[in-house]
Structures are given as structure tokens and as C-alpha cells.
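First comes the structure, then the notes that go with it.
The values are calculated or read from the model by the stated rules, or taken from the named source; none is laboratory data. Since we're looking at a predicted model, the values are computed, not measured. Here the Cβ is made from the backbone with ideal geometry for all residues, glycine too, and neighbour counts use every protein chain on show.
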Amino acid sequence: MPGKLISVANMKGGVGKTTTVVSLAEAFAADDINSSILVVDLDPQASASICLAGDDLLAKMITEGRTLENFLARRLLAEGSGKLSSKIRDFVCRTTHGGNPLKISLLPCGTHLRMVEREIIYRLTEEKFSMNGIEIHIWKVFEQEFLPLIHRYDYVIFDCAPGISPLTEVAIRASDLVVVPTIPDFISVYGLNAFCESIWKEPSRGLPSPKHLPHVLVTRWQKGVKQHKETVARLEAEAEAKDAGMYLLKTKVQQAAALASALAHDGVPTFKQKYGEVASVLDELVKEVKGVLHAY
């Protein structure tokens, strides 16, 4: 069976996108040791890349040109060739489960991704491409290079940058599932509807429509905080409305020191050592996400 594409995205930063990507990838791999997971870093902050690969390996991959921005620069700016798959590094994760390393691969990016994205937009604008035309141009490259990855990996997870860049737009529209992490407070959910409407209700303008409505994931949940309870109740009501623009995942990822420290690339921990009390929550999240994907 072909693999599944999952985008983790939100216009707002600081809501736990990268934490969700890394922990979900490792939880998928721990749930089934035979599953192969690919993380694609679309965020110029390169947080997922550094969390999975560590300083030394990521620096080596950047030096060798094994990054997303290197591929895009060659393909869209230099009109060169080369396969995206050659940029991927397998077995980057040092976390183990059942005595085996987790089967997680990485297509990293570096901080130059933002400049490459900007240069692509400038170059194609000079060639009289509209913004929609630029997105369609990137979509064609996505079809040729990214979509075939579903025949190599069971799950491909995109860590999208805050906002809605052309790369994020294309990844969301291609994905089988879009997970939108949010902290259940006023500021974090303020722009949630605007984000959902901008992708799922706006005309597709030549791009394919998203396959399904997004699934909101509550992160940094503190059940003793009144505002969190009230915000979750409001999200639940919105998700149950007839004209709902999103679904709400039942699993809530609590605020936990173990989760914050889990992203440090230290030692060779087991999955349960790394995530501590959150490991069982991640197991629940994986089961729920797999259930959603199976239903589709």
C-alpha cells in the first residue's frame, strides 16, 4: 500500500508544530518497528532537522548539499537535474525502541531555505508568473519528486513553516491529513479560523483542493487552567457544528517537561525514556491518527 502524507501546519508560530512532527514521527516508528517514516523540513528555522539529525550531522548534510533548498535551487533556479531522493538521509534518529533504532529518515533544510524561496518568487515573477502560477509551478515539481516518496515510506510528515508559503500551500493540498497544533488559549486560537478558511474555503485557482478538512490538535494542555478548559469546550462546539471547517482530535498533548527536553539531541534513549509520562499520550495520538487515515 502507498504511504500517507501528513502536514503539520499553522499560521501561528510557537504552538508546537515541530514538537508534534518529531514526537509523532518517533511515536509512529515505535508503534510499528517495521514502519518507515520520512520527515520533510519545510521550515527555514530548521528546527525539525536539528532535533533529528543534531548539529554535526546537519552541518555535514548542509555542506554536502543534501538539503531541500539545495534541490529547489538547482531545480527551479539553475534549471538543473538531480533527484530529491538523493538528498534524504535514512536512520537519522538515535532513539531506540525494543532494542532497535527507529526507522526515521530526514529531508532537512537549512536557514537558507527562506532566501531560496524568496529568490524563486522573484525569478518567476520576473518571468511574468503570477503568485498562483508560482504555486502551480511548484506543484508540478512536487508531483514529480515528492509524491513518489509514498512508495518508499509508510508516512511522510511535513513540518510546515508558520504562515502560508507556496511550499506549505502545496504540501497541505497534497496531504492525506493536515494536523493543526494549537495551544488552547485566546491568542493561539485567534487566527485558527482564518487559517482554515484561507486554504479550505478559498477557490483552489488551479491547484487541487485539500483532500479533507484539517484536524486540530490541542498541545501544551493544562487541565487545571480555566482558560484551557473553556477554549477546548469552544473548539469542541465548533467542530461539532454542521458547517464546521475543521475536526478536533480527541487526544490532547499535555504540557510536560519531558516533552520539552525530548527534542534535545542527547544520548541514545529509548522511546519511553525520552518521552516519559507523555509516551502513553503519544501512543494514543498515533492510534487516533491511524484511525483517521484508515477511515479515509
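Restricting attention to the range 241-272 and to residues that are part of a strand (DSSP E or B) and out of contact with any helix residue (DSSP H, G or I) (no Cβ under 7 Å at 6 or more places or on another chain), the residue that is surrounded by the fewest Cβ atoms within 10 Å (Cβ to Cβ) turns out to be Thr270.
Specify the residue that is farthest from Lys229 (Cα to Cα); the eligible residues are those in the range 168-199 that are charged (D, E, K, R), at pLDDT below 95 and out of contact with any Ser or Thr (no Cβ under 8 Å at 6 or more places or on another chain). Result: Glu169. Applying a threshold of 6 Å to beta carbon distances and a minimum spacing of six or more residues, or different chains, the list of pairs starting in the range 148-165 at a residue that is small (Gly, Ala, Ser) and ending at one that is part of a loop (DSSP other than H, G, I, E, B) reads Ala161/Leu42; Ala161/Asp43; Gly163/Met11.
Scanning the range 68-84 for residues that are surrounded by 13 or more Cβ atoms within 10 Å (Cβ to Cβ) and either hydroxyl-bearing (Ser, Thr, Tyr) or in a helix (DSSP H, G or I) (or both) returns Leu68, Glu69, Asn70, Phe71, Leu72, Ala73, Arg74, Arg75, Leu76, Leu77, Leu84. I'd like to know if the range 17-34 contains one or more residues that are over 16 Å from the mean Cα position of the chain (by Cα) and crowded, with 19+ Cβ neighbours inside 10 Å. Yes, some residue in the range 17-34 is over 16 Å from the mean Cα position of the chain (by Cα) and crowded, with 19+ Cβ neighbours inside 10 Å. The single residue among Val225, Val180 that is touching a Pro at 6+ places or on another chain (Cβ under 9 Å) and buried (at least 21 other Cβ atoms within 10 Å of the Cβ) turns out to be Val180.
Taking the listed residues Leu77, Leu57, Leu42, Leu68, the one that is touching a residue at least 12 places away in the same chain (Cβ under 8 Å) and farther than 24 Å from Pro148 by Cα is Leu57, with no other qualifying. Can you confirm whether Ser198 is surrounded by fewer than 13 Cβ atoms within 10 Å (Cβ to Cβ), over 16 Å from Thr18 (Cα atoms), under 19 Å from the mean Cα position of the chain (by Cα) and in contact (Cβ under 8 Å) with a residue 12 or more places away in the chain? When the stated conditions are applied, Ser198 does not pass them. Just to confirm my filter: which helices (runs of 4 or more DSSP H) fall fully inside the range 129-229 and include at least 1 residues that are farther than 30 Å from Ala260 by Cβ? Ranges flagged: 131-145, 166-174, 192-200.
Annotation: of all residues in the range 122-160 being among the aliphatic types (A, V, I, L, M) and exposed (fewer than 15 other Cβ atoms within 10 Å of the Cβ), the one that is modelled with the lowest pLDDT is Met131.
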